[in-house]
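The values are calculated or read from the model by the stated rules, or taken from the named source; none is laboratory data. For clarity, every value in this text was computed on a predicted model and none was experimentally measured. Positions of Cβ are backbone-derived with ideal geometry, glycine not excepted, and every protein chain shown enters the neighbour counts.
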Amino acid sequence: MKKILITGANGFFASRFIDFYKTRYAVTGITRRQLDITDLKQTVKVIKENNPDYIVHAAAISDTAMCQNNPELSQSVNVDGAVNVARAAAACNAGLIFLSSDQVYIGNTGRGPYKEDDEVNPYNVYGRHKLNAEAGILELMPQAIALRITWLFGLPERNKKINSNLVWNIVKSVMNNQPATFPATDHRGVTYVYELIENIEKMFQLPGGIYNAGSENDLNVYELAAAVLKAMGLENRIESLLLKEHRDKPRDLRINNQKLKADGIAFSSSEEAINKCIADFSFSMN
Ligand SMILES: NC(=O)c1ccc[n+]([C@@H]2O[C@H](COP(=O)([O-])OP(=O)(O)OC[C@H]3O[C@@H](n4cnc5c(N)ncnc54)[C@H](OP(=O)(O)O)[C@@H]3O)[C@@H](O)[C@H]2O)c1
């Protein structure tokens, strides 16, 4: 059985990943308590002891506001920590998948969908640090895979962390009968966490480099939010729960997935993915 080591084991992505693969791989989840990735010596030691075939590096400060307010913390975890994991991967000759983000495109002034080789100049700390981590990792380990992932979504599960995400935020709006605002001027894809998890296995075989990874999307954010209510059979609540906002500076973070598709790895559209998630969890209110 091949061995996978995944960092950030208590996180939203990794906690689901571990359960999903635990019967087909020997999966070791490493929590922050077991290993602080900002400590290079410990990182190399712990990873070498586990001697994995593949490493999925999912540990990070994933909250963009937290990174903005604590740039030094973000630098040490999201850049230096990620490079430490790459050093450890190189030391034990393991494959490495690094979870980067579509936030690297946040400074782009043109219109998406963006390709991996489009120029990027992210204006927030999180996006800049993910970009710097990609560069640091690939310099050390050109065979590593960096995935620029769109905003992940999923629903609560037992003993698993839930993060703020489009689908769960709307379910909470429904439960609290509390309207929420969504920009009709902005565009971004959202990815069902299980669709990404399923695709990771195929990514171990990719040539090293940067890949956009997640659902493409033609809808604006307000329309995406409406798609969640439709999928739940609550089309009649769209007007009362979703407030449409128009921003002076539209934001477009959409990714183009052609590079991964050429390697036979595909994602459904953001709208299809929302429908799949609601169906998986039998969350239709009809
Ligand atoms: N969720 C998304 O929408 C999204 C989108 C694009 C990219 N990503 C990236 O995908 C990865 C997984 O995201 P996620 O949503 O699962 O994030 P998450 O829920 O915040 O999980 C991240 C995990 O990293 C751990 N961690 C933080 N600092 C650490 C340190 N110094 N040493 C070791 N572990 C540390 C945290 O531990 P504690 O539990 O102890 O705090 C947490 O469990 C991250 O790299 C994120 O940036 C996520």
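Within region 1-32, take every residue that is assigned to a loop (DSSP other than H, G, I, E, B), more than 16 Å from the chain's Cα centre (by Cα) and not β-branched (Val, Ile, Thr) and give me the one that is farthest from Glu201 (Cα to Cα).
Applying the filter and picking the extreme gives Arg32.
Any residue that is in a helix (DSSP H, G or I) and either acidic (Asp, Glu) or within 12 Å of the ligand (Cβ to nearest atom) (or both) - is there at least one of those in region 94-102? Can you show your working first?
We begin by selecting, within region 94-102, every residue in a helix (DSSP H, G or I); these are 102.
In the following step, the residues that additionally are either acidic (Asp, Glu) or within 12 Å of the ligand (Cβ to nearest atom) (or both) were identified as 102.
Checked against the condition, which is being in a helix (DSSP H, G or I) and either acidic (Asp, Glu) or within 12 Å of the ligand (Cβ to nearest atom) (or both), region 94-102 yields at least one hit.
Conditions tested, residue by residue: (1) modelled with pLDDT under 95; (2) over 24 Å from Val77 (Cβ atoms).
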position	(1), (2)
Asn93	no, yes
Ile97	no, no
Gln103	no, no
Thr109	yes, yes
Leu131	no, no
Gly136	no, no
Leu140	no, no
Ala146	no, no
Ile149	no, no
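Yes/no matrix, rows are residues, columns are (1) buried (at least 24 other Cβ atoms within 10 Å of the Cβ); (2) more than 14 Å from the chain's Cα centre (by Cα); (3) outside any strand (DSSP E or B):
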| position | (1), (2), (3) |
| --- | --- |
| Tyr123 | no, yes, yes |
| Leu138 | no, yes, yes |
| Leu155 | no, yes, yes |
| Ile197 | no, no, yes |
| Ser215 | yes, no, yes |
| Leu219 | no, yes, yes |
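So how many residues does region 71-89 have that are charged (D, E, K, R) and within 10 Å of the ligand (Cβ to nearest atom)?
Within region 71-89, residues that are charged (D, E, K, R) and within 10 Å of the ligand (Cβ to nearest atom) number 1.
Is it the case that region 263-277 has a residue that's assigned to a helix (DSSP H, G or I), farther than 19 Å from Ala225 by Cβ and touching a residue at least 60 places away in the same chain (Cβ under 8 Å)?
There is no residue in region 263-277 that is assigned to a helix (DSSP H, G or I), farther than 19 Å from Ala225 by Cβ and touching a residue at least 60 places away in the same chain (Cβ under 8 Å).
Within region 172-188, is even one residue part of a loop (DSSP other than H, G, I, E, B), over 17 Å from Ala231 (Cα atoms), within 16 Å of the ligand (Cβ to nearest atom) and in contact with a Ser or Thr (Cβ under 7 Å, 6 or more places away or on another chain)?
For region 172-188, residues part of a loop (DSSP other than H, G, I, E, B), over 17 Å from Ala231 (Cα atoms), within 16 Å of the ligand (Cβ to nearest atom) and in contact with a Ser or Thr (Cβ under 7 Å, 6 or more places away or on another chain): present.
Before we move on, is Ile162 within 16 Å of the ligand (Cβ to nearest atom), outside any helix (DSSP H, G or I) and among the β-branched types (Val, Ile, Thr)?
Values: within 16 Å of the ligand (Cβ to nearest atom): yes; outside any helix (DSSP H, G or I): yes; among the β-branched types (Val, Ile, Thr): yes.
Here the answer is yes, as Ile162 does meet what is asked.
Does any residue in region 43-68 that is in a strand (DSSP E or B) come within less than 6 Å, Cβ to Cβ, of a residue that is near the ligand (Cβ under 7 Å from one of its atoms) and not acidic (Asp, Glu) six or more places away or on a different chain, and which pairs are these?
His57/Thr7
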